[in-house]
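What follows is calculated from the coordinates using simple rules that are stated; it is not laboratory data. Given the structure is predicted, the values throughout are model-derived calculations rather than measurements. Note that we place each Cβ from the backbone using ideal geometry, even for glycine, and neighbour counts take in every protein chain shown.
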Amino acid sequence: MGEFEMTNNKLILAIETSCDETSVSVIKNGTELLSNTVLSQIDSHKRFGGVVPEVASRHHVEGITATIDESLVSAEIGWRLIPEVWGNGLATEGAEAVMKYARDKGIKELYSFTSENNLPSRKVMEKLGMTFLDNFEYPNLSKYHPLKRHVRYYKELLPS
């Protein structure tokens, strides 16, 4: 197998299921673990004295989406667009799809944040009818980092 060099950040969504667990991880550049979420079925199988394949299968199907969602949220994954496609409405279209999904799931409020100086993202939030909520400092960045300051927006979602 030949060697290769990653020229920019790559994210891997790793999904593993065993007989009694579902695990989802987000890995950056093949080496940095951003999140690891495990959905255990041990309690579900205790009453049977061991793993029941049909029960395990059902639990995997029922829990995989929430486990993926939790892992993505834990890794703070949003979308990032390459500069070549900026200004074509893709971020707005994606955000509208997220808002529709949230409404369909019965979520009543939505929050979004970006760095204070990311004016295009702030314009998308405002275009979607989101209201500026507050400023905050992103906790995982040095106080000298240019992206330390963030803004948070809010929108109450009315049923569709």
Requested in this report: Could you work out the local net charge near V52, counting Lys and Arg as +1, Asp and Glu as -1, over the other residues with Cβ closer than 14 Å to its Cβ?
Outcome: 0
Requested in this report: Let me have the relative contact order for the chain, percent, based on Cα pairs under 8 Å that are six or more residues apart.
Outcome: 16 percent
Query raised in the report: Lys/Arg Cβ at +1, Asp/Glu Cβ at -1, dipole of the chain taken about the Cα centre: which of L90, M130, G63 is farthest positive-ward?
Result: M130
Report summary line: With segment 88-156 reduced to its Cα atoms and the Debye formula applied, log10 I(q)/I(0) at q = 0.22, 0.27, 0.29 1/Å amounts to -0.95, -1.16, -1.24
Query - Scattering curve values for segment 11-74, log₁₀ I(q)/I(0), Debye with Cα scatterers, q = 0.19 Å⁻¹ - result: -0.68
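Give the range of the longest stretch in the chain that excludes all trypsin sites (Lys or Arg not before Pro) found in loop regions by DSSP and having at most 14 other beta-carbon atoms within 10 Å.
Result for the longest clean stretch: 11-46.
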Query raised in the report: Pick the calculated mean projected area of the Cα convex hull in nm² for this structure from (i) 9.5; (ii) 11.4; (iii) 14.1?
Result: (iii)
Requested in this report: Within the set of other residues whose C-beta is less than 11 Å from the C-beta of D20, count the net charge using Lys and Arg as +1 and Asp and Glu as -1.
Outcome: -1
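Tell me what the chain gives for mean residue ellipticity at 222 nm when only DSSP H runs of n ≥ 4 count, each as -39,500 (n - 2.57), the sum divided by the residue total, rounded to 500 deg cm²/dmol.
Estimated from H runs of four or more residues: -10000 deg cm²/dmol.
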Report task. May I ask you to derive the relative contact order of segment 11-74, considering only C-alpha pairs under 8 Å and at least 6 residues apart, and to give it as an integer percent? Result -> 32 percent
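How much length is gained on full extension from L34 to T65, taking 0.36 nm per residue of separation minus their Cα-Cα distance?
So the extension gain works out to 9.4 nm.
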Report task. Once you've got the GNM for the chain with C-alpha springs shorter than 10 Å, pick whichever of F136, F48, F113 has the biggest mean-square fluctuation. Result -> F48
Report task. Determine the alpha carbon to alpha carbon distance for each of K100/K123; K28/K148; K123/K148; K28/K105 and list only those over 23 Å. Result -> K28/K105
